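Have a look at the structure below before the remarks.
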Amino acid sequence: MIITIEDKQFDTAKITQLYPAAVVKTGYEDETTQVSLEWLDIESKGKVEVVGFGIFVNLGEEEKYSFVFDTKEEMDEAAGRIAAQLQSS
């Protein structure tokens with residue numbers, strides 16, 4: 001099955017990981033990293049600077065795609081569009 005995220009198409013058979021995450025500053029220069037939304041809600045306690053929210057797609061170990069949004073609401077809307085495509089199959 002082919003799904004579309006933003007303007008990019010993916011064959012679901014090739015996706016090894018598809019997940020949402022927050023993008024936060026690590027505290028080292030302009031470096032960022034991904035943290036789970038659960039960790040952000042429960043553990044971060046405002047200790048990290050969120051720079052965005054993303055949907056991340058891995059096709060094996062080497063091929064990775066990031067779709068980063070300014071707000072959680074925008075990411076949630078994109079996730080909803082993905083879910084609708086998966087449910088319609």
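With Cα atoms as the point set, the range 1-80 shows a radius of gyration and Dmax of 13.5, 40 Å.
Applied to the range 2-19, the Karplus parametrisation 6.51 cos²θ - 1.76 cosθ + 1.60 on θ = phi - 60° returns per-residue 3J(HN,Hα) values of 9, 10, 10, 10, 6, 10, 10, 9, 9, 8, 4, 5, 9, 7, 9, 8, 9, 8 Hz, with x for Gly and Pro. Once the Cα atoms are used to define both axes, helix 72-87 deviates from the longest principal axis of the chain by about 20 degrees. Post the alpha-carbon centroid distance, the range 8-31 to the range 41-89, in whole angstrom. If we compute the Cα centre of each part, the gap is 7 Å. The residue list Tyr19, Trp39, Met1 was ranked by how far each Cα lies along the charge dipole of the chain toward its positive end, using unit charges on Cβ atoms, and Met1 comes out on top.
In the chain, what percent of the accessible surface is made up of carbon and sulfur (1.4 Å probe, ligands and nucleic acids excluded)? Carbon plus sulfur share of accessible area: 47 percent.
Near Gln34: Cβ cut-off under 13 Å, other residues only, Lys/Arg at +1 and Asp/Glu at -1. The net charge is 0. Charges were assigned to the Cβ only: +1 to each Lys and Arg, -1 to each Asp and Glu. The resulting dipole of the chain about its Cα centre is roughly 220 debye. Over all other residues within a Cβ to Cβ distance under 14 Å of Lys25, the charged ones net out to -3, with Lys and Arg as +1 and Asp and Glu as -1. Here's the list of lysines a cross-link from Lys25 could span, going by alpha-carbon distance under 23 Å and ignoring same-chain residues fewer than 8 apart: Lys45, Lys47, Lys64, Lys72. Taking each DSSP H run with n ≥ 4 as -39500 (n - 2.57) and averaging over every residue of the chain yields -7500 deg cm²/dmol at 222 nm. In this label model, Glu74 and Glu6 are separated by 0.9 nm, measuring between points 7 Å along each Cα→Cβ vector.
The values are calculated or read from the model by the stated rules, or taken from the named source; none is laboratory data. All of these numbers come straight from a predicted model, not from anything done at the bench. Because the Cβ atoms are built from the backbone with ideal geometry, glycine has one as well, and the counts that use them run over all protein chains shown. Side chains are part of the model used for accessible areas, which takes the heavy atoms of the whole protein and leaves out ligands, DNA and RNA. Shrake-Rupley method; radii C 1.70, N 1.55, O 1.52, S 1.80 Å.
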